[in-house]
Amino acid sequence: MGDVSTTKSTLAQNEPAMKGWLFKWTNYLKGYQRRWFVLQNGHLSYYRAENNGGVPTLSIRRRRRFKGNQAEMAHTCRGSISLHGALIYTVDACTFVISNGGTQTFHIRAASEVERQSWVTALELAKAKAIFRRSMESEDDEEETDEGSGSPEDWSSVVRKLEAQLNDIQTCSDLIQRHWKSLVKPLTEMETNLDPDGVQAKSKEVGERATLFRISTNAMINACGEYLKTAQTHGHKWIRLLQHEREQRQRLQEMVETLAQQHSKLEQAANAHTNRPTVNPSDGEEEDENEFYDAVADSTGGVSDGHFTLDIPTGTGHRRNSSDSSSEPDETTETKQVVVVTGKSTNLARKVQQSESHIATISTSKRQRRTRVPDKPHYPLNLWSIMKNCIGKDLSKIPMPVNFSEPLSMLQRLTEDYEYADTLDVAAKCTDPCEQLAYVAAFTISSYSTTSSRIGKPFNPLLGETYECDRTDDLGWRAFNEQVSHHPPMVAQFCEGREWKCWQEFTMTSKFRGKYLQVIPLGTAQVEFNNGNKYSWRKVTTTVHNIIVGKLWVDQHGDMEITGKGAAAGIKCHLKYIPYSYFTRDTQRRVKGVVMDIGGNVKWIINGTWDNQIEIAPVTGNTGSSSNPVYETGPSVVAWKRRMPSPDADKYYGFTILAAQLNEPEEGVAPTDSRLRPDQRLMEEGRWDEANTEKVRLEEKQRATRRKREAEAEKAAAEGRPYEQYKPVWFEQVTDENGVALHVYKGDYWVCKERQEWDRCPDIF
């Protein structure tokens, strides 16, 4: 019985949604030609002969040969266009156009306006279904990688069906509203027109508009009927499943709360045993068993004598790797090449000052800056009471107390990317673009160094919040950031050094999975040197493990590709962040990669760890075959080495010297600067209860501002007047040569700071 039902469902899905004769523009010699069109499964296809139930009518001989199967359709189809992402618009009363914005465009003419509108309505409905189906497939692919995320299969299927039907209803509603406005206009004109000829003409127009309105209304009624039928059929089953899930969740919650209470009692007993009146959480963590990063086979993390293997993709597909607890299937299949590197590791002199002198520069600049923040107080917190309602949700939309945070905003945390900007200064002096790209790769890796010991969550910036960091006098660069969007949260950043400038848009998706938190960056970062060489890249995935129980630790994993542009167009660097694994003898937190020239030849080898140092080595020869290359390298150079924080940094959030200086009060900054956030300042001073109260006030103020803006937009739409959406103050959104929207720095912040002109700044604090 199930097989019969499945067969019927499959046949119903393959039946054409609409079919018929239309005229398609062919060329200037033949003009419009009569073709048989079939709308089916999110595609519009056309044939020269009539299509019988999805299969074109053929001669007896061809019918015997193809027997009406899919191969026959593919053979006789003259063209097909996918509706997902297609543009559908009307040219005149009988003509419409459908285009995918690229290689395919169909100019189609119907016999009448009613027929044309019937097809346009069906196409818009099919497009909505195709978009929804694609989004659901993407969500299914993501859910397959989530641990413990599967609900009953039949339930999920019905929910997807209801969502698709509800989407159809919404599309029909939009069409009804549109056709109703078209119908009202000629009716109004008929009431005011006393000319009999004019009334007759308008009467015909009213009839056509009414027919279109009736078609859309019937579609709406049918869609509502299907939705109601599905809901009624499965309603009782949902109630039983919901009750079962509620009971299961209640039992799980009781179990976890019991474990949390036992954990708290054990912690108190341990503290009492050691006779410590006040305990810092990090002190207790030192007694835990050593984590994986305390047992590193190669402390240097560099290229040692011997061999190592690199996975070099031969294609252009992207692939994201992850650790064992959050593994995801490869998106593309890669061909692996074994790269054997020979040569001794050496400690050559850097082209700029080493870490010790750099730290001295920070502390002896023209302005005397602080080197640490107040110690982190210990506030007990019932973790489960907060996290139990967060599973599966976007972390940016969950109100979190400051207990999980560090006294820095995301704007300031992103500025830490330039702690090792001296690597870019070295890269600027390189005359060989491939060598320059190797140093750029080392710089991109350096931005992850602090995450090995920093597990605090930065404050989510408020819309319009800014942050400036002018370290031109001692470090040679200055950066400016602005929160340009709230949902989705997005930061636009611009930084400039003496011989380079760097900018990025940072946005992300984040999911809490119960055991771990995964952060997937979506924005693009770019750097441009004064010689015209330009490079762009995307950050890799970050996973925070042991969210509920155990010691938190962070892993970086995935592939990063840095591509050259401008004068460096054609060269690229492929980096692989190897995920943590219990079953490997290799160094943990390892990064390895290659720099390739325009011809795809490997010119530099990159190797090291993202929490310690990166070494680069030039390729001097290749003694292997094309399928198994063996590269000979020259002496390796330390392109980046981490400056370790103070031994007692765990008492103040694990901050480095630069991180401790980011939130230091400074006069003359914009009124929207992160340094002026009261909740963040209160947290830094150790007044966490007041900080939580202030945080709630600021978030509610932001929500009230958003509601007011939405109400003004609705009022403007009702009155038929344009409404200007929120625009950033210091950045503007433009479209690049590839049609991608991005935010570009206007360049006037530092001038306004010098003049203290802050009239454009919104009131957010």
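The values are calculated or read from the model by the stated rules, or taken from the named source; none is laboratory data. Values in this document were obtained by computation on a predicted structure and should not be read as measured data. Positions of Cβ are backbone-derived with ideal geometry, glycine not excepted, and every protein chain shown enters the neighbour counts. When the accessible area is computed, the model is the full protein with side chains, heavy atoms only, and any ligands, DNA or RNA have been set aside. Shrake-Rupley method; radii C 1.70, N 1.55, O 1.52, S 1.80 Å.
Please give the solvent-accessible surface of TRP36 in Å², to the nearest 10, using a probe radius of 1.4 Å with every protein chain present.
Counting only protein heavy atoms, the figure is 20 Å².
Taking the Cα centroid of the stretch 572-642 and of the stretch 469-521, what is the distance between the two, rounded to the nearest whole Å?
So the two Cα centres are separated by 27 Å.
In terms of solvent-accessible area of protein heavy atoms at a 1.4 angstrom probe, what is the ranking of VAL591, VAL206, highest value first?
Highest to lowest solvent-accessible surface, that is VAL206, VAL591.
Between ARG178 and ARG133, what FRET efficiency comes out of the Förster formula 1/(1 + (r/R0)^6) with R0 = 22 Å and r the beta carbon distance, rounded to 0.05?
0.40
If you project the alpha carbons of the stretch 408-505 onto the principal axes, what extent comes out on each, in Å, largest first?
The Cα atoms of the stretch 408-505 stretch 42, 27, 26 Å along the principal axes, largest first.
For the stretch 604-682, state the semi-axes of the equivalent ellipsoid (square roots of 5 times the eigenvalues of the alpha-carbon gyration tensor), sorted largest first and rounded to whole angstrom.
So the three semi-axes of the stretch 604-682 are 45, 15, 11 Å.
Give me the Debye-computed log₁₀ of I(q)/I(0) at q = 0.09, 0.11, 0.12, 0.16 Å⁻¹ for the stretch 641-765, equal point scatterers on Cα only, no solvent, two decimals.
Debye intensities relative to I(0), on a log10 scale: -0.45, -0.65, -0.76, -1.12.
Work out, in µm²/s and without decimals, the Stokes-Einstein translational diffusion coefficient of the stretch 531-627 at 10 °C, 1.306 mPa s, Rh from Kirkwood over C-alpha pairs.
103
Residues with beta-carbon under 11 Å from that of LEU698, excluding LEU698: net charge, scoring Lys, Arg +1 and Asp, Glu -1?
Every neighbour counted, the sum reads 0.
Determine the alpha carbon to alpha carbon distance for each of LYS576/LYS641; LYS539/LYS592; LYS19/LYS181; LYS551/LYS651 and list only those over 21 Å.
LYS19/LYS181, as the Cα separations exceed 21 Å there.
Label 7 Å along Cα→Cβ of THR230; the stretch 163-180 residues with amide nitrogen under 17 Å?
163-173
Please sort 596-608, 474-486 by packing, taking for each peptide the average over its residues of neighbouring beta carbons within 10 angstrom, highest first.
474-486, 596-608
Sort ILE455, ILE221 by accessible area with a 1.4 Å probe, largest first.
Heavy-atom accessible area, descending, gives ILE221, ILE455.
With viscosity set to 0.692 mPa s at 37 °C, what whole-number translational diffusion coefficient in µm²/s follows for the stretch 689-743 from Stokes-Einstein and a Kirkwood radius over Cα pairs?
In µm²/s, the coefficient rounds to 230.
How much accessible surface area, in Å² rounded to 10, belongs to the heavy atoms of MET560 with a 1.4 Å probe?
Counting only protein heavy atoms, the figure is 0 Å².
Based on the alpha-carbon gyration tensor of the stretch 517-568 and its eigenvalue square roots a ≥ b ≥ c, which shape applies: rounded if a/c is under 1.5, prolate if not and a/b is larger than b/c, or oblate?
Because a/c hits 1.5 or more and a/b exceeds b/c, the stretch 517-568 counts as prolate.
How far apart, in nanometres, would the label points at ARG367 and GLU632 be if each is projected 7 angstrom from Cα along the Cα-to-Cβ direction?
Label-label distance for ARG367 and GLU632, simple model: 5.3 nm.
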